[in-house]
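The values are calculated or read from the model by the stated rules, or taken from the named source; none is laboratory data. Small disclaimer: the values here were computed from a predicted structure and weren't measured. Here Cβ is always computed from backbone atoms with ideal geometry, including for glycine, and neighbour counts include all displayed protein chains. Accessible surface areas use protein heavy atoms only, side chains included; no ligands, DNA or RNA. Shrake-Rupley method; radii C 1.70, N 1.55, O 1.52, S 1.80 Å.
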Amino acid sequence: MTITISHTRLEGTLLSGSRKGDGVFEIVRDHGFWFSRSLGSLYIRQSRDKEADTWRINSAAAALREAGHEVTVEIDEDTRRTFKEAEADREERADDRAERYGDRADRASLSSGARLDAARQIARRIPFGQPIPVGYSGEGRARRDAARIDSNMRAGIAEADRAGYWADRTRAAENFKTHRNNPQRTLRRLEKLRADLRQQARHHSEAAEKGWDTGDRHSRYVRDLKEEIAHWEEVIEKAKADGVKLWEPDDFAPGDFVLYLNSWYEVKRVNPKTLSVAWNLRLAPKRVMTLEDATFDGGRVGSHSADYTQVQGRCPGEAMRVFLADGVVPGTKSAREASEAAPAGLIREAQAAAKAKKPKQRSAPAGPKRIKLECRPGSRVGRVTWLNGRGQPHRDHPPVTIPGPVDPTCIAPEWSGTLQSQIAELLIEHGYAFRNSWTVHRDGGIVRAIEPAPASAEKPVT
């Protein structure tokens with residue numbers, strides 16, 4: 001028996017030459033093949049419009065050859081349909097599913113109503129609360145009526161559940177196109193597809209540079225991704241033409257409020273892909289969260305990322321504060337009117353102008369943050385170096401030499417009490433105090449953090 005396993009982008013992976021009961025299905029079932037009544041052959045699910053899964057195809061062919069079958073493998077990656085044609089076919093099949101599932105839901109609903117009506121008709125003949133007349137002539141009929149009521153009620157409830165299931169499947173199929181072409185989801189899909197395209201382009205160029213023989217695989221990936229990106233870009237342009245608002249960085253300025261996940265958050269920073277908004281987990285959920293709400297001890301402002309594709313509205317900062325002063329949380333309509341009255345572009349221009357007029361204040365040079373003490377064994381002097389925040393010698397505080405230990409046998413002179421007391425006096429003279437304990441420096445010597453001493457500290461009398 002000759003069996004042919006063929007793959008094209010147009011039809012997917014099909015297995016022909018097999019008949020029911022010949023044992024082929026039992027062999028290839030473990031390799032992803034299944035039977036399709038509409039196709040009349042074995043096939044690999046979800047293999048249309050994709051590259052051939054050569055691992056499954058070759059493993060299935062090897063298993064069939066071991067069983068004594070003659071197998072031919074035919075792979076054609078050029079026979080295909082465009083992404084737009086495939087998407088149109090998916091939408092058409094979704095419509096067919098919606099019609100088919102709707103019929104099933106209707107039939108199940110009618111069956112449920114009929115079974116429940118039958119149970120009620122039987123129960124209507126029996127007085128409410130009447131027990132089964134045990135030992136009388138009507139006992140058999142009463143038991144049969146009770147069994148029929150029970151079976152009809154159970155069947156009616158089961159059919160109602162089945163009707164609800166198919167109704168849910170119907171709604172899902174009906175919403176397929178709307179869900180698939182949703183502009184916000186499409187933007188997120190486009191971002192991923194563009195990243196995949198850049199990755200495949202890099203792989204293609206790297207394979208060409210290194211002389212790897214990959215066939216046309218990367219070229220086909222790049223072609224398919226470009227087709228899909230072009231299709232979804234058309235969907236976005238159509239949505240814009242239909243008046244759908246797609247939020248972008250130009251729509252916001254720092255200090256605005258964004259409606260995100262049904263709450264208003266003050267914008268801390270406008271980024272190319274997201275907004276950094278005020279965030280304090282202890283106050284969430286809150287109808288309106290300001291930067292003041294997200295300010296913690298020490299002045300740190302908590303923030304959270306808000307994706308533009310999930311933005312629901314914008315309200316200028318001044319307008320939001322007017323609303324809050326009146327005890328009102330704005331809705332989307334009033335926020336839209338306030339946003340149209342104060343566009344983000346004008347707010348950004350005003351912020352830039354105010355920043356340009358503000359004189360630049362030069363901060364005073366930072367003082368030393370640590371001191372480093374070095375004294376070699378046997379030395380009569382020690383060297384104190386003032387260090388800045390980066391651990392480098394401070395330019396405004398030259399090194400200081402102080403008398404070292406007299407005992408030449410001291411193996412760790414940095415730790416001698418003579419040096420320690422002199423360094424404490426040196427710090428007081430310069431207006432500093434120790435902040436923590438001494439530690440060993442990796443380049444030799446010991447270091448210790450310092451800080452400005454309180455104004456009440458008195459200098460020693462010289």
- Task: Provide the descending list of Cα extents for the stretch 318-380 along its principal axes, expressed in whole angstroms.
- Result: 82, 29, 17
- With no solvent and one point on each alpha carbon, what is the Debye value of log10 I(q)/I(0) for the stretch 158-214 at q = 0.12, 0.15, 0.17 Å⁻¹? -0.57, -0.66, -0.71
- Message: Just checking my list (i) 58, 50, 44; (ii) 122, 72, 63; (iii) 73, 59, 42 against Cα extents along the principal axes in Å computed from this structure; which label fits?
- Response: (ii)
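As an exercise, take the mean of 1/r over every pair of distinct alpha carbons in the stretch 259-367, invert it, and state the Kirkwood radius in angstroms. Present the calculation step by step, with values, prior to reporting the outcome.
Values: mean 1/r = 0.0641 Å⁻¹.
About 15.6 Å for the stretch 259-367.
In whole Å, what three semi-axes, largest first, describe the equivalent ellipsoid of the stretch 154-256 built from its Cα gyration tensor (square root of 5 times each eigenvalue)?
Details: eigenvalues 305, 136, 30 Å².
Value: 39, 26, 12 Å, ordered largest first.
Compute the length gained on full extension between D326 and H203: take 0.36 nm times their separation in residues and subtract their Cα-Cα distance, giving the result in nm to one decimal. Show your work: numbers first, answer last.
Details: separation 123, 0.36 × 123 = 44.28 nm, distance 5.88 nm.
Working it through step by step, the gained length comes to 38.4 nm.
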- Task: Could you state, as a whole-number percent, how many of the C-alpha pairs of the stretch 262-302 are farther apart than 15 Å?
- Result: 37 percent
- Message: Cα atoms only: what Rg and Dmax, in Å, come out for the stretch 40-132?
- Response: 26.5, 76
- Give me the number: length gained by fully extending I428 to W212, i.e. 0.36 nm times residue separation minus the C-alpha to C-alpha distance, one decimal in nm. 70.7 nm
- Message: Using a 7 Å offset from Cα along Cα-Cβ at K20, what residues in the stretch 35-58 end up with backbone N under 18 Å from the label point?
- Response: 35-43
- Using a 1.4 Å probe, what is the accessible area per residue for the chain, in Å²? 64 Å²
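Where Rh is the Kirkwood radius over the Cα pairs of the stretch 205-309, the temperature 10 °C and the viscosity 1.306 mPa s, what D in µm²/s does Stokes-Einstein return? Show your work: numbers first, answer last.
Numbers: Rh = 17.2 Å.
Taking Rh from Cα pairs, D becomes 92 µm²/s.
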- Item | Long-range HN-HN contacts of G382 with modeled amide H, under 5 Å | I402, G404
- Item | Amide H contacts under 5 Å for I75, placed H, 5+ residues apart | H7
- For the stretch 315-444, divide the Cα radius of gyration by the Kirkwood radius and give the resulting Rg/Rh value with two decimals. 1.44
- What nm distance separates the two modelled labels at N262 and E248, each placed 7 Å from Cα along Cα→Cβ? 3.1 nm
- Item | Rg/Rg_globular for the stretch 51-200, with Rg_globular taken as 2.2 N^0.38 Å and Rg from C-alpha atoms | 1.91
- Taking only the C-alpha atoms, wrap a convex hull around the stretch 1-88 and report its volume per residue in Å³ as a whole number. 83 Å³
- Item | Span from the the stretch 122-175 Cα centroid across to the the stretch 241-280 one, whole angstrom | 55 Å
- Query: Once the piece of chain linking I75 and R29 is laid out straight, how much longer is it, given 0.36 nm per residue of separation minus the C-alpha distance between them?
  - Reply: 14.6 nm
